[in-house]
Every structure is written in structure tokens, then in C-alpha cells.
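Just below is one structure, and these are the notes that go with it.
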Amino acid sequence: MGIGVSIATWPLHSDQLGYSALTTKVLKIGMEVKRQSRVNELVGSSRVEKVVRILIGLEEGDRLRKRAVELGERVKSSLRKISIQLDDGCLC
């Protein structure tokens, strides 16, 4: 996330469904290539191409990448704070 990489998800089963929802709906740093609810449908190359083009080039892709960078910076900041607290010997 920290370097601005957006994510294309294609959940197949089990925990992938949750991670796909987390990535696309909660964190808003990715797009679904295929939804699990459409398990019996084939995914054409045009759908894959469309998602990739959006993620790497269009305005929506820019928004997703910026969001990924912002979240990455928050994570890094939190980790630095935890590291400082651990160095002091407390988790205050």
C-alpha cells in the first residue's frame, strides 16, 4: 500500500472473499475483476483489460493509488509510534 499500488481482486473461495471486500469496499484501494456471486460466469479478457487500464491509468486508478499511499503512510506512522514505545519499554 505504501508505494501506491492499487489491487485487482478475483476472490475464489474462503478468506479471499473477505480480503476482496476489505480491499475494495472498506479500504477502497482496489477493484474486483470478478465477483464471487458470479461464480458460474466466465471472465473475458476485455474485463481483465478494463480493470487493469482503470487501475494503471484513469482518474479512478489515480484515486485508488493515492488512497493506497495515504493508508500506507498511516500504517508506517503507527508502526513508528509502536517502535518508539517498545524502545522505551512500555506500550503506553
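Count of region 44-73 residues, restricted to those that are in a helix (DSSP H, G or I) and open to solvent by less than 40 Å² (accessible area, probe 1.4 Å), is 8.
Scanning region 33-43 for residues that are open to solvent by less than 80 Å² (accessible area, probe 1.4 Å) and at pLDDT below 90 yields a total of 3. Taking the criterion of being open to solvent by 90 Å² or more (accessible area, probe 1.4 Å) and at pLDDT below 85, the residues of region 1-16 that qualify are I3, L12, H13.
The values are calculated or read from the model by the stated rules, or taken from the named source; none is laboratory data. Because the structure is predicted, anything quoted here is derived from the model rather than measured. Please note that ligands, DNA and RNA were not included when accessible areas were found on the heavy atoms of the full protein model with its side chains. Shrake-Rupley method; radii C 1.70, N 1.55, O 1.52, S 1.80 Å.
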